[in-house]
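Please read the structure below before turning to the comments.
No value in this document is a laboratory result; all are computed from the given coordinates. Please read these numbers as outputs of a predicted model, since none were measured by experiment. In this analysis, Cβ positions are derived from the backbone assuming ideal geometry, glycine residues included, and neighbour counts consider all displayed protein chains.
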Amino acid sequence: MTRIVYVNGDYLPEDAARVSVFDRGFLFADAVYEVTSVLGGRLIDFDGHAARLERSLGELGMPMPMPRDSLLAVHRDLVARNSIEDGLIYLQVTRGAADRDFAYPDADTPQTVVLFTQAKPGLADTPAAREGIRVVSLPDLRWGRRDIKTVQLLYPSMAKMEARARGADDAWMIEDGAVTEGTSNNAYIVKDGRIVTRGLGHEILSGITRAAVLRLAREAQMQIEERPFTLDEARAADEAFVTSASAFVLPVIEIDGAAVGGGTPGPVARRLREIYIDESRRAAL
Ligand code: PDD
């Protein structure tokens, strides 16, 4: 089956979809994106992703390309047209196509809006979720506005490759001695029953999964500390884990080659994953 993608109002077979070579997303990474997961044919945390999209666009002086209910309709249409049971929807909005110039083009330049699906059968039950992942630490060399979900993903991509080259699955990035986040996820440790994760700011992305998981953890009477934590603290933690829309909650079992806790997925990460997935399926749109 040919994948159907959405480009600027049209639903097209992927081979027929086109974006200009002058698109500012292509030339300047002048674009923001969202990734929303789909479980059982329904969208997880759509409202959170739509709200963050609006915020990211606003920080770059761009409007929402369409009202939220229309965006929801496009997401649902794509899920249906591609018969997605479990998978992801990628959305990108750019400042549009204009002759190359560092200055932004006129505000009436039409934005480029692209959405596509990725089928991921069994997304909620992956080997990584059962076995946990290994991470290595690398310096955080990204720009200073990581709270805006831009498509400037070259450094995270390089970090992921370096992690693979070192026999790991992902990297945790370090700045001023503290962990910021993973290449495409938020990072947590658990010590003496307390969940520690960096507070929000320009240094990290405000994860939609993070918000939901912290809310559910509070509801389950778990203790949470939102503060930076060091690599040494992470190495000495009882557990570590990451969260993202595509991975939900994933246990981290090794940091820089040293086992975390018992070197197997810990009870807090396992429980949070279970609660998050159950609750997300229940609230899915
Ligand atoms: N990445 N931090 C970074 C740097 C991210 O790229 C992501 C998401 C997160 C987690 O945010 P959320 O819970 O809203 O997915 C944190 C997506 C999944 C990606 O780039 O594919």
In sequence order, calculated HN-Hα J values of segment 137-151 (Karplus, 6.51, -1.76, 1.60; Hz; x Gly/Pro): 8, 9, x, 8, 9, 7, 6, x, 10, 6, 6, 8, 7, 7, 8
Sum -39500 (n - 2.57) across every DSSP H segment of at least 4 residues in the chain, then divide by the residue count to get the 222 nm mean residue ellipticity, nearest 500. -9000 deg cm²/dmol
Length-normalised contact order of segment 127-283, Cα under 8 Å, at least 6 apart, in percent, tallies to 26 percent
Do you know the relative contact order of the chain, to the nearest whole percent, from alpha carbon pairs under 8 angstrom that are 6+ apart? 19 percent
Residue by residue through segment 60-76, the couplings from Karplus 6.51 cos²θ - 1.76 cosθ + 1.60 with θ = phi - 60°, in Hz, x for Gly and Pro, are 9, x, 10, x, 5, x, 7, x, 4, 5, 5, 5, 4, 4, 5, 4, 5
Between rounded, prolate and oblate, where does segment 194-260 land on the alpha carbon gyration tensor, with a ≥ b ≥ c its root eigenvalues, rounded for a/c under 1.5, else prolate if a/b exceeds b/c? rounded
Please compute the contact order of segment 4-119 in relative form: average sequence separation of alpha-carbon pairs under 8 Å and at least six residues apart, divided by the residue count, as a percent. 37 percent
Can you list the aspartates and glutamates whose alpha carbon is less than 14 Å from that of Lys191, not counting same-chain residues fewer than 8 positions off? Glu225, Glu226, Asp232, Glu233, Asp238, Glu239
Based on Cβ point charges of +1 for Lys and Arg and -1 for Asp and Glu, what charge dipole magnitude is obtained for the chain about its Cα centre, in debye rounded to the nearest 20? 400 debye
Degrees separating the helix 46-59 axis from the principal Cα axis of the chain, which is the longest one: 70 degrees
What shape does segment 127-283 take by its C-alpha gyration tensor, where a ≥ b ≥ c are the square roots of the eigenvalues and a/c under 1.5 counts as rounded, a/b above b/c as prolate, and the rest as oblate? rounded
Okay, which of segment 11-28 sit inside 19 Å, backbone N to the point 7 Å along the Cα-Cβ direction of Asp77? 11-19
For Ile195, what residues show an amide H to amide H distance below 5 Å, using hydrogens built from the backbone and excluding near sequence neighbours? Gln223, Ile224, Glu225
Put +1 on the Cβ of every Lys and Arg and -1 on every Asp and Glu Cβ in segment 127-283; which of Val190, Pro139, Val268 then has its Cα farthest towards the positive end of the dipole? Val268
Write down the percent of antiparallel bridges among all DSSP beta bridges whose residues are both part of segment 127-283, to the nearest 5. 60 percent
Skipping prolines and chain starts, which residues have an amide H placed within reach, meaning under 5 Å, of the one on Gly96, given they are 5 or more residues away or on another chain? Arg24, Gly25, Thr112
Whose amide H sits under 5 Å from the amide H of Asp256, counting only residues 5 or more places off or on another chain, with H placed in the peptide plane? Val135, Val136, Ser137
Counting only DSSP beta bridges fully inside the chain, the antiparallel percentage to nearest 5 is 80 percent
Convert each backbone phi in segment 195-207 into a coupling constant with the Karplus relation 6.51 cos²θ - 1.76 cosθ + 1.60 (shift: θ = phi - 60°), then list the ³J(HN,Hα) values in order as whole Hz, x for Gly and Pro. 8, 10, 8, 4, x, 6, x, 6, 7, 9, 7, 7, x
Helix 267-283: inclination vs the chain longest Cα principal axis, degrees, rounded to 10, gives 30 degrees
Where a ≥ b ≥ c are root eigenvalues of the Cα gyration tensor, a/c under 1.5 meaning rounded, otherwise prolate if a/b exceeds b/c and oblate otherwise, segment 1-139 counts as prolate
